[in-house]
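Note sheet for the following structure.
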Amino acid sequence: MTRTLRYLPLLSLLLLAIPYASAQSSFDLNLGFGTSHVSGIPGIDNVNSSNAFGTCTVGTADANCVKGPDLGGFFLGFGGAVMATKRFGFGAEVAFQPAKSDYAGLQYRQTFYDVNGIFAPVNQKKVIVQLLGGLGGAKTAFSYSQNCTGIAVCSTQSQPVLNTNHFQIHAGLGVQIFVTEHIFIRPEFDLHYIPNFTDQFGSNVAPSATVWLGYSFGDR
């Protein structure tokens with residue numbers, strides 16, 4: 001819940017557009033379920049190495065050298081969009097991993113966020129095709145789980161270690177299908193180009209696939 005609240009200021013900008021959208025065209029709010037995949041770094045020294053998180057070659061005498069984890073798993077998304085006309089609009093999206101994953105002895109959680117321009121070459125009563133393009137960021141948050149034993153008051157705690165933040169360029173294609181007058185499903189494919197993302201993973205390009213469930217306010 002705390003992580004979700006961090007991104008409410010981004011979505012609140014879209015909420016301010018509801019009166020305008022209702023008078024002009026439409027305003028959408030959506031919840032997304034999806035995934036993103038990037039291969040891992042070929043070799044990385046784990047947290048126990050004197051060269052922790054440095055590059056290495058798997059299979060050598062370095063016992064702490066492991067393959068870097070692949071980015072993947074479940075992502076949860078929140079987003080919104082204003083279509084000022086039937087063809088043009090703008091929106092914002094954030095997608096993050098609710099659960100942490102292992103990263104060479106640490107845990108990490110990946111987040112993508114972006115603000116986009118939207119072009120709808122097809123905008124019909126039941127179907128809207130959307131092309132998205134915009135800018136944003138990619139945040140990889142690392143933490144360390146600390147265990148303790150033999151103490152009367154003791155619990156496992158997750159301690160933040162560091163965050164890495166990268167600029168990203170985003171492009172997407174979505175097909176918005178209305179199941180009622182206002183409720184829709186939008187399968188969407190996205191590409192995130194993230195310079196220097198190879199510091200954490202094996203590529204600067206992160207493809208994503210998401211199914212968005214949403215509600216559209218106003219006229220279309």
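Go through (1) farther than 15 Å from L191 by Cα; (2) assigned to a strand (DSSP E or B); (3) not charged (D, E, K, R) for L135 and report which single condition fails.
For L135, the exception is condition (1).
With respect to P160, is the statement that it is surrounded by fewer than 12 Cβ atoms within 10 Å (Cβ to Cβ) and modelled with pLDDT of 95 or more true?
Working: surrounded by fewer than 12 Cβ atoms within 10 Å (Cβ to Cβ): yes; modelled with pLDDT of 95 or more: no.
No: the conditions fail for P160.
Right, I183: at pLDDT 95 or above and over 15 Å from the mean Cα position of the chain (by Cα) or not?
Details: at pLDDT 95 or above: yes; over 15 Å from the mean Cα position of the chain (by Cα): yes.
When the stated conditions are applied, I183 passes them.
If a residue has to be among the small types (G, A, S) and modelled with pLDDT of 90 or more to count, how many in region 130-157 make the cut? Walk me through it before giving the result.
If we filter region 130-157 for residues that are among the small types (G, A, S), which is where we start, we get 133-134, 136-138, 141, 143, 145, 150, 152, 155.
Then drop every residue that is not modelled with pLDDT of 90 or more, which leaves 133-134, 136-138, 141.
Result for region 130-157: 6.
The values are calculated or read from the model by the stated rules, or taken from the named source; none is laboratory data. The shown structure was predicted, so the numbers you read here are calculated from the model rather than taken from an experiment. All Cβ positions, glycine included, derive from the backbone under ideal geometry; neighbour counts span all protein chains shown.
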